[in-house]
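Notes follow the structure.
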Amino acid sequence: MVQTLVVKIGTSSLTRPPAGGLALSTIASLVETLSHLRHQGYRVVLVSSGAVGVGCARLGLSDRPRTIALKQAVAAVGQGRLIRVYDDLFTALQQPIAQVLLTRGDLVQRTSYLNVERTFQELLNLGVIPIVNENDTVAVDELRFGDNDTLSALVASLVGADWLFLLTDVDRLYSADPRLDPNAQPISVVNHVDELKSLQVQVGDRGSNWGTGGMQTKVSAAQIATGAGVRTVITEGRTPQNIVKILAGASIGTHFEPQPRPASARKRWIAHGLVPTGKLYLDEGAVNAICSGGKSLLAAGIIAVEGNFDHQDAVVLCDRNGQEIARGLVNYSSFELEKVKGCQSEAIEPLLGYSCPETVVHRDNLTLTGL
Ligand code: GLU
């Protein structure tokens, strides 16, 4: 079975402080490693940050841009240079690459999500390594991924990857920030992201100077990817060769075990492609019916409604404490649900004055994401 790998590398691994020049030896070994894996038959996607960092270095700016317009302009300068370097190095090894720039909006619409998915499949069928980044130059706030850890997890879900490697500036996850706490304990395996809460791991949110992620975004990315059935590994970016060793079974980095993969690509899109616009709080009966019984959500099980949404928008379903259990496409607007929450199905039509679907979220439009 051909395996698909998504490898994400961050700005802190790709550039050298203080001026932000390219870490050429790291990039070269990444290129060698990925080309080698391609020749071994793996399908490979690279998610690379660095547009803003490289743009700043090119323009001689010593601080990360603070205004959105400047950041977008700088990213336009850096992205071209970054791809140029990748293309030169990959071409030396006869490995074709492609540039894929995405915004969050490209995954929200079902048709454009499918379009992006088909493009990836064609690129991978052609033996190309797609190099993905957020389209920083045009992305606007509400439709941004925000960080490439999240982007890489969504891409891993989209392409149905087997592995996601998050390459970073520490060798693995620790029980505390090893840069600050000498007693920080290394963590090798995480069976479920919830374990980290009980271990009281402090993931912090401190990224490096140039990148935007920290351990927090990596753990959230691991949660998204493992929820989509993708084994996720956090490991050091300076030694990309380790990917080959990890694939051969070496215990390097922190491994997050994959959860069962959602049955269909559509269910993965519901879970991870969409941006939820509301939240429904459910009673215990509804939580059980959905989590254990594979049932649809009915109005009777809804305790509270949050957000403004319309028919067929994406919503998060959570228990009464706000813990997420699932996501789905809703058959009612938030306005209607405020009126009918807690009601038995037969009471809905008299209350609203017109007939409505029996289910609030049908099980075909619902994917379990938590608990
Ligand atoms: N897309 C940003 C860039 O290329 C990086 C985002 C991140 O660091 O996660 O500079």
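In table form, for the structure just shown:
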{"quantity": "Contact order normalised by residue count of the chain, Cα under 8 Å, 6+ apart, percent", "calculated": "15"}
{"quantity": "Among Ser152, Ser251, Ser48: highest mean-square fluctuation, GNM of the chain, C-alpha pairs under 10 Å", "calculated": "Ser251"}
{"quantity": "Lysine pairs in the chain with Cα atoms under 20 Å, if 8 or more residues apart or on separate chains", "calculated": "9"}
{"quantity": "Under the Karplus curve 6.51 cos²θ - 1.76 cosθ + 1.60, θ = phi - 60°, whole-Hz ³J(HN,Hα) for the stretch 290-296, x wherever Gly or Pro sits", "calculated": "7, 6, 9, x, x, 8, 7"}
{"quantity": "Percent antiparallel among DSSP beta bridges (both partners in the stretch 1-128, rounded to 5)", "calculated": "25"}
{"quantity": "Gyration tensor verdict on the stretch 58-182 (Cα atoms; rounded if a/c is under 1.5, prolate if a/b is larger than b/c, oblate otherwise)", "calculated": "rounded"}
{"quantity": "Of all DSSP beta bridges in the chain, antiparallel share, percent nearest 5", "calculated": "40"}
{"quantity": "Whether the stretch 1-71 is rounded, prolate or oblate, judged on the alpha carbon gyration tensor where a/c under 1.5 counts as rounded", "calculated": "prolate"}
{"quantity": "Sequence-distant residues sharing a close amide H with Val100 (under 5 Å, placed H)", "calculated": "Ile131, Val132, Asn133"}
{"quantity": "Derived scalar couplings ³J(HN,Hα) [the stretch 146-163; Karplus, 6.51 cos²θ - 1.76 cosθ + 1.60; whole Hz; x for Gly, Pro]", "calculated": "x, 8, 7, 5, 4, 4, 5, 5, 5, 5, 4, 5, 4, 8, x, 5, 8, 9"}
{"quantity": "Degrees between helix 215-227 axis and first principal axis of the chain (Cα, 0 to 90, nearest 10)", "calculated": "60"}
{"quantity": "From phi via Karplus (6.51, -1.76, 1.60), per-residue ³J(HN,Hα) for the stretch 36-50 in Hz, x at Gly/Pro", "calculated": "4, 5, 4, 5, 6, x, 5, 8, 10, 10, 10, 9, 10, 7, x"}
{"quantity": "Residue with peak Gaussian network fluctuation, the chain [Cα springs, cutoff 10 Å], from Asn115, Asn125, Asn135", "calculated": "Asn125"}
{"quantity": "Other-chain or far-sequence residues with amide H under 5 Å of Ser296's (modelled H)", "calculated": "Arg363"}
{"quantity": "Relative exposure of His255, His362, judged by other C-beta atoms within 10 Å (fewest first)", "calculated": "His362, His255"}
{"quantity": "Cα-based Kirkwood hydrodynamic radius, the stretch 205-332, one decimal, Å", "calculated": "17.0"}
{"quantity": "Inter-centroid distance (Cα atoms) of the stretch 278-318 relative to the stretch 125-142, Å", "calculated": "33"}
{"quantity": "Cα-based Kirkwood hydrodynamic radius, the chain, one decimal, Å", "calculated": "21.7"}
{"quantity": "Relative packing of 230-243, 91-104, 22-35, which averages over residues the other C-beta atoms within 10 Å, highest first", "calculated": "230-243, 22-35, 91-104"}
{"quantity": "Most positive-pole-ward Cα, Ser334, Val190, Gly293, against dipole of the chain from beta carbon charges", "calculated": "Val190"}
{"quantity": "Most fluctuating residue given options Pro258, Pro17, Pro65, as computed from a GNM of the chain linking Cα atoms under 10 Å", "calculated": "Pro17"}
{"quantity": "Global geometry of the stretch 270-371, whether rounded, prolate or oblate, following the gyration tensor of its Cα atoms and the 1.5 cut on a/c", "calculated": "prolate"}
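Bear in mind that the values in this text are calculations on the coordinates, not laboratory data. Since this is a predicted model, take the numbers as computed values, not measurements. A quick note on method: Cβ atoms are made from the backbone with ideal geometry, for glycine too, and the neighbour counts reach across all protein chains shown.
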